[in-house]
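The values are calculated or read from the model by the stated rules, or taken from the named source; none is laboratory data. All of these numbers come straight from a predicted model, not from anything done at the bench. All Cβ positions, glycine included, derive from the backbone under ideal geometry; neighbour counts span all protein chains shown.
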Amino acid sequence: YFTEFLKAVQSKKQPPKIESFYPPVDEPAIESKNIDLSGRQERKQIFKGKTFVFLNAKQHKKLSAAVIFGGGDARLITEESKEDDSFFSAPGTCVVEAGLTDSQTLIPDSQKKWIHSIMDILRRKGLRPIPEAEIGLAVIFVTTENYCDPQGQPSTGLKTTTPGPSL
């Protein structure tokens, strides 16, 4: 964009439209023709009043900026944090799905057990963890009605996995 902008300024022409430089969308759950990636004020407040709880540092590092820029709070909670069960089910709290799979053998069993216990707390309260992808989708579509709602149904078109109890 800036290269084209500079050329336009140097040749005293109209600057290029920023919309022409949006990146391609490579997300199967999104139809690219329905996307508005323009700067919208609502996006700065999309997560106002919400606290996103991350259960691992990698996710927190990757997604906390999006939450904060959207007006929300991002917290990294670890086993050592010793939060009350009620913390995870408090209004406005979105526990981000940890994405445990059998291939993640580097996660200690104690941490897996701790994450499973948090998922059990959510299930008992009729809540669900929020898949990572929903954070971006909420920003793109400027809504938390379909995305990032722990009381709502998982958004359609996304694969969500909630870890079950381990043996």
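Below is a table of values for the structure above.
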item	result
Some residue of segment 25-40 being closer than 18 Å to Phe141 by Cβ, of a type in the set (S, T, N, Q) and touching a Gly at 6+ places or on another chain (Cβ under 6 Å)	no
Subset of segment 53-72 that is over 15 Å from Gly136 (Cα atoms) and out of contact with any helix residue (DSSP H, G or I) (no Cβ under 6 Å at 6 or more places or on another chain) - its residue that is surrounded by the most Cβ atoms within 10 Å (Cβ to Cβ)	Val53
Within segment 106-138, tally of residues that are under 11 Å from the mean Cα position of the chain (by Cα) and either assigned to a helix (DSSP H, G or I) or of a type in the set (Gly, Ala, Ser) (or both)	7
Filter result (of a type in the set (A, V, I, L, M, F, W, C), more than 19 Å from Val67 (Cα to Cα) and at pLDDT 90 or above) within segment 9-46	Val9
Among the candidates Gly99, Gly92, Gly72, Gly49, residue that is modelled with pLDDT of 90 or more, in contact with a Ser or Thr (Cβ under 9 Å, 6 or more places away or on another chain) and either among the acidic types (Asp, Glu) or on the phi > 0 side of the Ramachandran plot (or both)	Gly92
Residues that are modelled with pLDDT under 90 and surrounded by 10 or more Cβ atoms within 10 Å (Cβ to Cβ), drawn from segment 75-89	Thr78, Glu79, Ser81, Glu83, Asp85
Filter result for Gln59 (in a loop (DSSP other than H, G, I, E, B) and of a type outside the set (Val, Ile, Thr))	no
Any hit, segment 78-85, residues being closer than 30 Å to Gln111 by Cα and touching a residue at least 40 places away in the same chain (Cβ under 8 Å)	no
Residue match in segment 139-152 (condition: part of a helix (DSSP H, G or I), in contact with an Asp or Glu (Cβ under 9 Å, 6 or more places away or on another chain), hydrophobic (A, V, I, L, M, F, W, C) and modelled with pLDDT under 90)	yes
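Table: residues versus (1) without any contact (Cβ under 8 Å) to a residue 40 or more places away in the chain; (2) among the hydroxyl-bearing types (Ser, Thr, Tyr); (3) more than 30 Å from Ala98 (Cβ to Cβ); (4) assigned to a loop (DSSP other than H, G, I, E, B).
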| site | (1), (2), (3), (4) |
| --- | --- |
| Leu6 | yes, no, yes, no |
| Gln14 | yes, no, yes, yes |
| Arg43 | no, no, no, no |
| Phe52 | no, no, no, no |
| Val67 | no, no, no, no |
| Arg75 | yes, no, no, no |
